[in-house]
1. Going through 17, 59, 26, 4 one at a time, which residue ends up being crowded, with 20+ Cβ neighbours inside 10 Å and at pLDDT below 90?
2. When you scan the stretch 247-256, how many residues do you find that are outside any helix (DSSP H, G or I) and in contact with a helix residue (DSSP H, G or I) (Cβ under 8 Å, 6 or more places away or on another chain)?
3. Quickly run through the stretch 145-159 and pick out the residues that are crowded, with 18+ Cβ neighbours inside 10 Å and modelled with pLDDT under 80.
4. Is the stretch 173-186 home to any residue that is farther than 26 Å from residue 64 by Cβ, modelled with pLDDT under 95, out of contact with any helix residue (DSSP H, G or I) (no Cβ under 7 Å at 6 or more places or on another chain) and crowded, with 18+ Cβ neighbours inside 10 Å?
5. What's the number of the only condition in (1) in contact (Cβ under 8 Å) with a residue 24 or more places away in the chain; (2) in contact with a helix residue (DSSP H, G or I) (Cβ under 7 Å, 6 or more places away or on another chain); (3) under 15 Å from residue 199 (Cβ atoms) that residue 244 fails to meet?
6. So which of 193, 198 is in contact with a strand residue (DSSP E or B) (Cβ under 8 Å, 6 or more places away or on another chain), over 20 Å from residue 254 (Cα atoms) and modelled with pLDDT under 95?
7. Picking from 83, 114, 69, which residue would you name as being within 26 Å of residue 214 (Cα to Cα) and either surrounded by 13 or more Cβ atoms within 10 Å (Cβ to Cβ) or at pLDDT below 60 (or both)?
C-alpha cells in the first residue's frame with residue numbers, strides 16, 4: 001500500500017546560506033473507484049483509508065446509505081504494464097484501484113455518462129450528478145424546525161480549529177495536508193482524517209461511519225480546513241450532518257445549498273470570530289434565527 005509521506009532532497013536557502021537536506025512530503029496518488037467492476041471515478045488522494053474513501057464517496061453520490069447495502073470493497077490485483085493504475089509496470093499491486101460491490105437489490109446508477117468522472121485533490125467532483133443527488137436522494141433530511149435538537153455554543157465552535165490542528169499528525173511533518181474532523185455539539189473529537197483533498201478527508205470520515213453503521217451523523221459537527229465548497233456541503237447533507245464549519249470562505253453555491261437543505265454553514269471560523277451563512281438557529285446565542 002502507498003505511503004502517506006515520502007522523502008525528497010531539497011536545496012534550502014536561509015539568509016543566503018545554501019544547504020541540502022531531506023524533506024518530508026505528503027504523498028499524492030490516483031485512486032480509481034470501480035462499482036461492481038465498472039470504472040466510476042478517479043480521485044487524487046493521500047493513500048490510506050481507501051475503502052472508507054470509496055464508501056464515503058458513494059454516500060455523497062446517493063448510492064449508499066447503510067452498511068448492509070455494501071457487500072465488500074477490495075483492492076484490484078496488479079497487472080503488468082500498470083494499466084489504469086493497476087500495476088507499476090512489473091505486475092506489482094500499487095493499491096490504487098478499489099472495487100466496490102453492492103448488495104443484491106441495491107440499484108446501480110448509470111455510470112456510462114455523467115457519473116464517469118475525474119476528481120482532483122483541490123476541488124473534487126462538482127456537477128449535475130452531484131446536484132441531483134442532493135436534491136433527490138437525501139435519505140435523512142436535516143431538521144429545519146425552530147426546535148432543532150442540535151444546539152452549539154459559539155465558544156465551542158471557536159475552539160474547533162485549534163483542536164483540529166492539534167490532531168493533524170501528518171500535517172506536523174509535511175505542512176501539506178487538509179483535514180476534516182467530526183465533533184459532537186459539545187466539542188468532543190470523534191474522528192479526524194487527513195488528505196491532500198478536503199473532499200477526500202470528508203469522504204473518509206463518512207465512509208468509516210457507514211462501515212460502522214453510524215449513519216446518519218445527525219448530532220455531529222463537521223470541521224474542515226480551508227474553504228467550504230458546494231461539494232463539502234453536499235457531503236455533509238448526504239451523511240445527515242447538521243453543521244459544517246470551515247476556517248475560510250464558502251462559495252455562493254455552497255451557501256445556497258446549505259440554505260435550501262437546512263444545513264448550518266459557518267465560515268471564517270478563526271478565534272472567536274465567525275460568519276454564519278445559513279442555519280443560525282442551531283447556534284445557542286440570542287438573535288440567531290433562520
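1. Matching residue, one of 17, 59, 26, 4: 26.
2. Going through the stretch 247-256 one residue at a time, the tally reaches 3.
3. none
4. Taking every residue of the stretch 173-186 in turn, at least one turns out to be farther than 26 Å from residue 64 by Cβ, modelled with pLDDT under 95, out of contact with any helix residue (DSSP H, G or I) (no Cβ under 7 Å at 6 or more places or on another chain) and crowded, with 18+ Cβ neighbours inside 10 Å.
5. That leaves (1) as the condition not met.
6. Exactly one of 193, 198 is in contact with a strand residue (DSSP E or B) (Cβ under 8 Å, 6 or more places away or on another chain), over 20 Å from residue 254 (Cα atoms) and modelled with pLDDT under 95, namely 193.
7. 69
Per-residue answers, yes or no, for (1) surrounded by fewer than 24 Cβ atoms within 10 Å (Cβ to Cβ); (2) more than 16 Å from residue 184 (Cβ to Cβ); (3) at pLDDT 95 or above:
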position: 217; (1), (2), (3): yes, no, yes
position: 226; (1), (2), (3): yes, yes, no
position: 238; (1), (2), (3): no, yes, no
position: 246; (1), (2), (3): no, yes, yes
position: 253; (1), (2), (3): yes, yes, no
position: 256; (1), (2), (3): yes, yes, no
position: 262; (1), (2), (3): yes, yes, no
position: 273; (1), (2), (3): yes, yes, no
position: 286; (1), (2), (3): yes, yes, no
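The values are calculated or read from the model by the stated rules, or taken from the named source; none is laboratory data. The structure displayed is predicted, hence computed values, not measured ones. Neighbour counts are summed over all protein chains in view; Cβ atoms, including those assigned to glycine, are modelled from backbone coordinates with ideal geometry.
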